[in-house]
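J.: A single structure is presented below for examination.
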């Protein structure tokens with residue numbers, strides 16, 4: 001009987017330890033922006049994967065491969081940080097592309113294993129609905145991350161990137177229409 005209780009206790013402790021050691025969970029951010037311009041007009045601004053000059057945080061974009069799957073770009077940010085990205089899918093007719101971050105210092109953007117979709121669709125009122133969504137893990141892969149590398153810090157950083165980029169895109173496109 002004592003052996004059975006000891007065995008059961010050991011199994012329960014093992015399950016408790018496994019439950020505590022699960023690590024981070026995948027985070028997601030989806031930001032949508034209505035723009036008073038046709039999807040084609042919006043697409044004209046963002047369609048070149050090697051040019052992200054429409055984003056206010058990006059001071060320079062260097063790219064290779066154009067809009068073909070496998071193309072790469074390096075974004076230089078106003079704070080001097082760099083983000084290296086790779087284009088995975090690109091569809092001119094559907095006004096959408098999918099890319100991944102290949103490398104970034106977590107002090108620049110506190111994420112790992114980041115992938116993102118950028119999509120433009122008609123909104124039914126003659127304008128566009130732009131959706132930028134991403135999935136990623138926080139910048140700290142283990143349990144008990146420091147606050148600047150937590151799930152919340154990662155979500156806040158990506159949300160800030162998306163919101164500021166889409167607000168500036170709206171400003172640029174609507175100014176030209």
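The values are calculated or read from the model by the stated rules, or taken from the named source; none is laboratory data. As the structure is a computational prediction, the values presented were derived from the model and not from experiment. So basically every Cβ, Gly included, is an ideal-geometry build from the backbone, and we count neighbours across all protein chains shown.
J.: Take residue 67 and decide whether it is out of contact with any strand residue (DSSP E or B) (no Cβ under 6 Å at 6 or more places or on another chain), part of a loop (DSSP other than H, G, I, E, B) and surrounded by 15 or more Cβ atoms within 10 Å (Cβ to Cβ). Please lay out each step first, then the result.
T.: Values: out of contact with any strand residue (DSSP E or B) (no Cβ under 6 Å at 6 or more places or on another chain): no; part of a loop (DSSP other than H, G, I, E, B): yes; surrounded by 15 or more Cβ atoms within 10 Å (Cβ to Cβ): yes.
No: the conditions fail for residue 67.
J.: Take residues that are touching a residue at least 60 places away in the same chain (Cβ under 8 Å) and closer than 23 Å to residue 44 by Cα and tell me which of the strands (runs of 3 or more DSSP E) falling wholly in region 83-177 contain 2 or more. Give the derivation first.
T.: Working: elements: 96-104, 111-122, 128-138.
Strands (runs of 3 or more DSSP E) meeting the threshold: 111-122, 128-138.
J.: Does residue 79 qualify as being more than 16 Å from residue 132 (Cβ to Cβ), touching a strand residue (DSSP E or B) at 6+ places or on another chain (Cβ under 6 Å) and not in a strand (DSSP E or B)? Reasoning before the result, please.
T.: Details: more than 16 Å from residue 132 (Cβ to Cβ): yes; touching a strand residue (DSSP E or B) at 6+ places or on another chain (Cβ under 6 Å): no; not in a strand (DSSP E or B): yes.
It is false that residue 79 is more than 16 Å from residue 132 (Cβ to Cβ), touching a strand residue (DSSP E or B) at 6+ places or on another chain (Cβ under 6 Å) and not in a strand (DSSP E or B).
J.: Is it true that residue 17 is modelled with pLDDT under 95 and loosely packed, with under 12 Cβ neighbours inside 10 Å? Reasoning before the result, please.
T.: Working: modelled with pLDDT under 95: yes; loosely packed, with under 12 Cβ neighbours inside 10 Å: yes.
In short, yes.
J.: Further question: Of all residues in region 26-64, which are surrounded by 15 or more Cβ atoms within 10 Å (Cβ to Cβ), touching a residue at least 40 places away in the same chain (Cβ under 8 Å), touching a strand residue (DSSP E or B) at 6+ places or on another chain (Cβ under 6 Å) and within 26 Å of residue 153 (Cα to Cα)?
T.: 27, 29, 31, 33, 57
J.: Shifting gears a bit: Count, please, the residues in region 72-99 that happen to be closer than 22 Å to residue 30 by Cβ and exposed (fewer than 15 other Cβ atoms within 10 Å of the Cβ). Quick ask: steps written out before the conclusion?
T.: The first filter runs over region 72-99 and keeps only residues closer than 22 Å to residue 30 by Cβ, leaving 75, 83, 85-91, 94-99.
Subset that is exposed (fewer than 15 other Cβ atoms within 10 Å of the Cβ): 89, 91, 94.
Within region 72-99, residues that are closer than 22 Å to residue 30 by Cβ and exposed (fewer than 15 other Cβ atoms within 10 Å of the Cβ) number 3.
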